[in-house]
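Structure record follows, encoded as structure tokens.
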Amino acid sequence: MLSEPEHLLHHMRSEAVSIFQASLEPVNPYNAVRRFVQIDGNSLILGDPHHRQAELDLKQYHHIFLVGAGKATAPMARAVEDIFGDKIDAGIINVKYGFTQKLSFTEIIEADHPLPDQNGVEGTRKILALLDTAGEKDLVISLISGGGSALLPSPAGAINLAEKQAVTRNLLNCGASIDEINAVRKHISSSKGGQMARVAYPATTVNLMLSDVVGDRMDVIASGPFVPDKSTFKDSWAILEKYGIEDIPESVKDYLKGGINNNIPETPKEGDPIFDLVYNIIIGSNIQALEAAKEKADKAGYNTLILSSMIEGETRDVARVHAAIAAEIIKTGSPVNAPACIISGGETTVTIHGNGLGGRNQEFCLTAAINIKDLPPRVVILSGGTDGNDGQTDAAGAVVDPLTVKRGKGQGVDASQFLANNDSYHYFKQTHDLLVTGPTNTNVMDLRIILVR
């Protein structure tokens, strides 16, 4: 039988999960596409109901092609198929293994993420071949969502997949930010950084994006395959130097240096005419998820504050700050009085020191659990990936409270030791604190919730 504090925590943990689930509703990929894309007679209308961004005459196009990549791309493609029907001449999308849906006109190729695999290479080759057939009287619908960068691997020059995987793995493990990782990816690839727009030109392209990057930077979302690239070969080399990455394959070194020395063309930049007929539109983002979470928390009786949708930095540092906010609410009632709900979003990074299993959300929660263990048992902290995936695990994240560390000790495990080994998953497996949602088929970064009663 649960004690009174345990009963309160059990209720609060359920509330936190409900708030997290509510955050996913407005960023449902199918609904987002239907909200931003409509056909009225022969007119293709782009934009949400409050802001029309473009109107295209469908009569001018001979063929309609559908391409894309990402964790949310299958439901996005289903929405496009429901809108266009048999007007679609051909379609190919790359998705993460298991992130599929039944489609009628579009070929789905499943591939690996976050490290690219040969399936992704083959799928990207087929997408590029399809784009290469598009002419000036054709329309390309591109569907891009989180994970699209790893799912559109097309190694440039003499670089092979294994060498590209090695560079990606080093960047993921060293704590590089997503925009830094993508800057390098763009410059060792022939599909990223606006290069798909170069292949599709002179067709008209409507590029619909579900944002999974801080600040919704279009050139960073899936490494911006249809967006002008702001980064350069010099930037890419500087990033590798910044993190002291020395184990760089010779083919990668040669290609980057070739670009720096102007022997290899740069990725296309702003002002290039290939972008004149490209419509880049963001149809869903992290702030929409946070606002939906706030609405749910408000209805549950919490005084709710959205902290930010743009939080970056080392995961453990961000977790300590969130734990400190919980302590401040208990002590002073600031920034909001209890019952309080603080919501934040964004994407942090983990610098790997051990060989355990986990992800940035689980690492965040284990750090937070250690830092709130002495607080009264009326605090709950949740951190979850909106895609339902956290690292190479089957969990979206975790839900912790001031008794989490105590529960671990009862199981004979030490939270600090597991954190030192980056092994948050196996710790939470024993304390039953994992947040498991299964694939959500969306991806707008992470969401964190602090509840204080």
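Modelled label positions at Asp86 and Asp394, each set 7 Å beyond Cα in the direction of Cβ, lie 4.2 nm from each other. For the chain, excluding the exposed loop sites themselves (GluC sites (Glu not before Pro), DSSP loop, at most 11 other Cβ atoms within 10 Å), the longest remaining stretch covers 1-245. Volume per residue of the convex hull around the Cα atoms, evaluated for the chain, comes out as 140 Å³. The slack in the chain from Glu122 to Thr351, taken as 0.36 nm per residue of separation less the alpha-carbon distance, amounts to 79.3 nm.
Distance from the Cα centroid of the stretch 1-76 to that of the stretch 159-194 is 28 Å (rounded to whole angstrom). For the stretch 81-127 versus the stretch 281-323, the spacing of their alpha-carbon centroids is 31 Å. Give me the net charge for the shell around Pro273: Cβ to Cβ below 14 angstrom, other residues only, Lys and Arg +1, Asp and Glu -1. That sum, taken over residues with Cβ under 14 Å, equals -2. Electrostatic bookkeeping for Ala203 treats Lys and Arg as +1 and Asp and Glu as -1; over the other residues with beta carbon under 13 Å from its beta carbon, the sum is -3.
Neighbours of Leu128, meaning other residues whose beta-carbon lies under 13 angstrom from its beta-carbon, give a summed charge of +2 when Lys and Arg score +1 and Asp and Glu score -1.
Restricted to Cα atoms, the stretch 268-357 shows a radius of gyration and a Dmax of 18.8, 58 angstrom.
As a ratio to 2.2 N^0.38 Å, the alpha-carbon radius of gyration computed for the stretch 234-391 takes the value 1.42.
Each label was represented as a point 7 Å from its Cα along the Cα-to-Cβ direction; for Ser14 and Ala129 these points are 5.4 nm apart. Annotation: the antiparallel percentage among DSSP beta bridges lying fully within the chain is about 45.
FYI, it's all coordinate maths here, none of it is from the lab. The structure displayed is predicted, hence computed values, not measured ones. Cβ: placed from backbone, ideal geometry, glycine included. Neighbour counts: every protein chain shown.
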